[in-house]
Structures are given as structure tokens and as C-alpha cells.
Amino acid sequence: MTVHALGPALPEIILALGAIAMVLYGAIKGERSTRLLEYAALALFGLALVLVLSGTGREVTFNGGFVADGFARFMKVLTLLGAAAAILLSSDALRRDGSMRFEFPILIVLATIGMMMMISAGDLISLYVGLELQSLALYVVAAFDRDNQKSTEAGLKYFVLGALSSGMLLYGASLVYGFTGTVNYAGIAAAVQGGKPGLGLIFGIVFVAAGLAFKISAVPFHMWTPDVYEGAPTPVAAFFAAAPKMAAMAMTVRVFVGAFPGALHEWQQIVVFIAIASMALGAFAAIGQTNIKRLLAYSSIANMGYALVGLAAGTVGGVQGVLTYMAIYLAMTLAAFACVLMMRRDGKLVEDIGELAGLSRTNPWMAFALAMMMFSLAGIPPLAGFFAKWYVFSAAIDAKLYTLAVVGVVTSVVGAYYYLRLVKIIYFDEAKPAFEKGDLGVRAVLLVSAAFVLVLSLAPAPLFNSAAAAAKSLF
């Protein structure tokens, strides 16, 4: 293979070489290297971001196994930003809790390489390689606080269920290969295009969909999400809610739209069911939650359901809606978790929603930012979250999926209850003692994310136009 053929995968190669260098340096210097390795990880993400943005057109390498197009670039930018934010959020928080090790930034970099592989996968084998590289790093990160029983339990639950979902995905992939004779997306699409897909291939699509649904924590494969979010260290939960969701959603869109355009009617039914179930469960199960991390876990399940509404349409407009939704969701989630990381008293993080009582009087800026994120997540105009939902619901209506759009609107109204309840606690309840001052990295993530949501609320067109260009590159 020529050096030129490696060009499309250059960001991933740079990250991989950087990760190897980080492992060697960490092994030699030990725990003293942690801070430097965090800076190195951020520098690597910055370099990869520049390389991703400098790409143009559609490039394919590794015999069609790796695709670099507008869609991949859009989602890789979101993934890299989410990963960089995770480093900033975790740096001081894990150090203060005594659970920071030099391996942490290395694991984040390795997980990010896997995510970028998932986004660019052009066949079922490269998809699985990327998926496992991401998952193996995430299993360790979930259980990173080794002395904490909850964290260890979270890592074990995630590992067992993740292994099960990988098995289902592999079984589905083997069925698809058996009935089409190829693992390449373009080859599968050509094989399915001829006529109605057979029963064996439909079984394969169902199993693949099950494996993908686990990775985006969609119902009925969502069971791990609340437990892992609650048990894992808070910065790790923030990472789980951000970057891996971007990669998993990109992978899901590329598999269905890229490999099975001829079986649209078959997989559309699966996606509609998963979307409705995720929106409904996310809306109703969050109502009784008192732990803010569990609340955000159910919120993330509902949000994946809303994003899937756009995919169910199976059109360019639908994919454009998914991309817009994921970009806005990333900013809202990072800002919300930054606020959770600022909920610290006497050197300990508090997670009970009641502890936010009267926050507007003790920390008006944090109260404003968190309230704005809650309004945006609830989809209240004119905030960015409203546009996110507007675009996916519009795509569903254009595709004549009226029931799906109606269920989406109804569950949004139900979900608004627990978001607005949080705002009521912040602004109208009797004030609790003030929180400690947040870390610099956490405040930086909160400021940038909140500013992004505000700017998008006023001018959503630039994001929507770049999402449109990215969506077109997939069809």
C-alpha cells in the first residue's frame, strides 16, 4: 500500500502513533507524567482536528474499508471536541478524588481512535475493529476509580452487556455476509438493490440493529446507561454522554443508509420502534429520579430517540436533521455535566437534585447556564434545542411518518416536566449553602458550550448548512 493511500486515515494514524509515544513516556516517568500526558492528548486532538478539517471530497482507502467524506469529517469534529472536553472536565476532578492515573488520557486517546474508525468504516470488518478498540478502552475508563465499589460495578456491567451486544452485532454481520457475499457497504447495497431482501438478510439487519442500539443506548438495549452513568466517575460519565454517542450515531446512520438503502422499508420499521420506545422511556423514567446523573442518563436515552427520528425518514433531510441534532446535543450535554462537576461541597461531589436548591442566589451564572441547558433540552424556543427537534420532526413529517412525529412531540412535552422542575428548584426553592468554585477546565467547557448554544439559538443557519453538505455526501 502506498503512502498516498494512507492519506485519508492520517488523523487516526497520528493519534495512534501519539498514543504509543504516550504509553512509553508514562511507563518510564510513572505518575509524574500525568499532567504532561493530558496536554499531549489535547495537542493530539487539536492536530487531528486540523487534519480532519483540511480534507476535501470523498476518499476511500483500504479496499473500501475506510471512507473519508463530508459526513465522516462532520462527525469526527464533534467526536474530537467531545474527547478534548472530557480531558478538560476530568483533569482536576479525578486528581482531587485521588483516582487520576497517567493511563487515563491514553485510554481517552485510544477510545477516540476507535470512534473515528467507527465513523469512517466502509465495511463490517473495519466497523467491528473500531467498535472494539473504543469499547475496550471505555470498559477500563468506566471502572477507573478502582477503590470505589460503584465504579467497579459500573465497569463490570458495561463490560458484560457490551460483550453481549458485540456478539449480536457480529452474528448479524455474519448473516449479512452470508446472504450478500460481501462485507463492503457498497457491495451489500448493490446486492440488496436488486429486489426484496430475503428473510435471512432481514434477520441479519435485526441483529446488527440490536448491536448498534446498545452502542447509542437506545431502548430496549439501554439497561446499562443509568447504572454506568451513576457509578462511573462524573467526568467519565460526561465523556460517555458526549463523544462515544457521536461515533455510535454516525456508525448507525452510515450502516443503514450506506449498506441497506434497498431495504429501507425493513429497517425503517426497526428504527421507528426503537425511536418511539427510547423517547417514551426517556421521558417517563426520568420523572422520579433524584440523582442528577441518572436523570441525565435517561435524558440521553430520550435524546438518542429524537435523533433516530431523523434517521427513520431515510432521506437527505433526515440525516441532516440527525447531524444538526447531535451537534446541539453535544454542547447541551457537556454544559450540563460541567454544571454537575461544579456541584461540590466540602471537597465532595454531591449528586442529589435537591442540592441545587436556590442556586440562583449563591451562583447566578451557573444557575443561568444550567437553566438555559434545561430549557434547551426541553426544546423550548428560541433555544438551540428547539431547532434540533424541529429539524428531525420536519424530516419525519416529510417522509409521512406522522405517528413518529406526534409521539416525539408528546414525549417532548412530558420530558419538559423534569427539565422545568430542575429550573424551579434552582430559582424558587430555599437556598442551600454555596458550592465551591469550579475548576478552570470545567468552567471553560461550560462557558464554550453555553456560548455555542446561545449563538446557535440566534443563528442556526451555519450549522444547518454544514450538516446539509455532510448529509449529501452520504447519498
Distance in nm between pseudo-label sites at D346 and D147 (7 Å out along the Cβ direction from Cα): 1.8 nm
Cα Rg over Rh - the stretch 1-153, Kirkwood: 1.00
Ratio Rg/Rh [Cα only; Rh per Kirkwood] for the chain: 0.95
Environment charge of F428, counting only residues whose C-beta is closer than 11 Å and scoring Lys/Arg +1, Asp/Glu -1: +1
Directionally averaged projected area (convex hull, Cα atoms, the stretch 215-263), nm²: 3.7 nm²
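What length, rounded to one decimal in nm, is gained on full extension from L420 through to Q193, with 0.36 nm per residue of separation minus their alpha-carbon distance?
Going from the current span to full extension adds 77.0 nm.
Would you mind working out the accessible area per residue for the chain, using a 1.4 Å probe, and quoting it in Å²? Mind showing how you got there, number by number?
Details: 17680 Å² over 475 residues.
I get 37 Å² per residue for the chain.
How big is Rg to Rh over the stretch 318-399, alpha-carbon atoms, Rh as the Kirkwood inverse-mean-distance radius?
Checking Rg against Rh, the ratio lands at 1.11.
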Alpha-carbon Rg with Dmax, taken over the stretch 261-305, Å: 13.4, 45
Accessible area of the chain belonging to carbon and sulfur atoms, whole % at 1.4 Å probe: 70 percent
At R0 = 25 Å, FRET efficiency that the Cβ-Cβ distance of A444 and E31 yields, to 0.05: 0.55
Under the span-like rule (Cα at least 24 Å along the axis, Kyte-Doolittle mean at least -1.0), DSSP H helices of the chain: 10-29, 34-54, 70-97, 103-120, 124-142, 149-180, 199-215, 264-285, 292-313, 316-341, 402-428, 440-458
Translational D in µm²/s for the stretch 40-123 (Stokes-Einstein at 20 °C, 1.002 mPa s, Kirkwood Rh from C-alpha pairs): 155 µm²/s
D_trans [Stokes-Einstein, Kirkwood Rh over alpha-carbon pairs] for the stretch 107-202, 4 °C, 1.567 mPa s, µm² s⁻¹: 87 µm²/s
Sites I202 and W365, calculated FRET efficiency, Cβ-Cβ separation with R0 41 Å, nearest 0.05: 0.20
Sites V50 and K472 - FRET efficiency at Förster radius 35 Å, r taken between beta-carbons, to 0.05: 0.90
Surrounding net charge for S217, when Lys and Arg each add one and Asp and Glu each subtract one, Cβ distance under 12 Å: +1
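The values are calculated or read from the model by the stated rules, or taken from the named source; none is laboratory data. None of the values given here were measured: they were computed from a predicted structure. Here the Cβ is made from the backbone with ideal geometry for all residues, glycine too, and neighbour counts use every protein chain on show. SASA here: full protein model, heavy atoms, side chains in, ligands and nucleic acids out. Shrake-Rupley method; radii C 1.70, N 1.55, O 1.52, S 1.80 Å.
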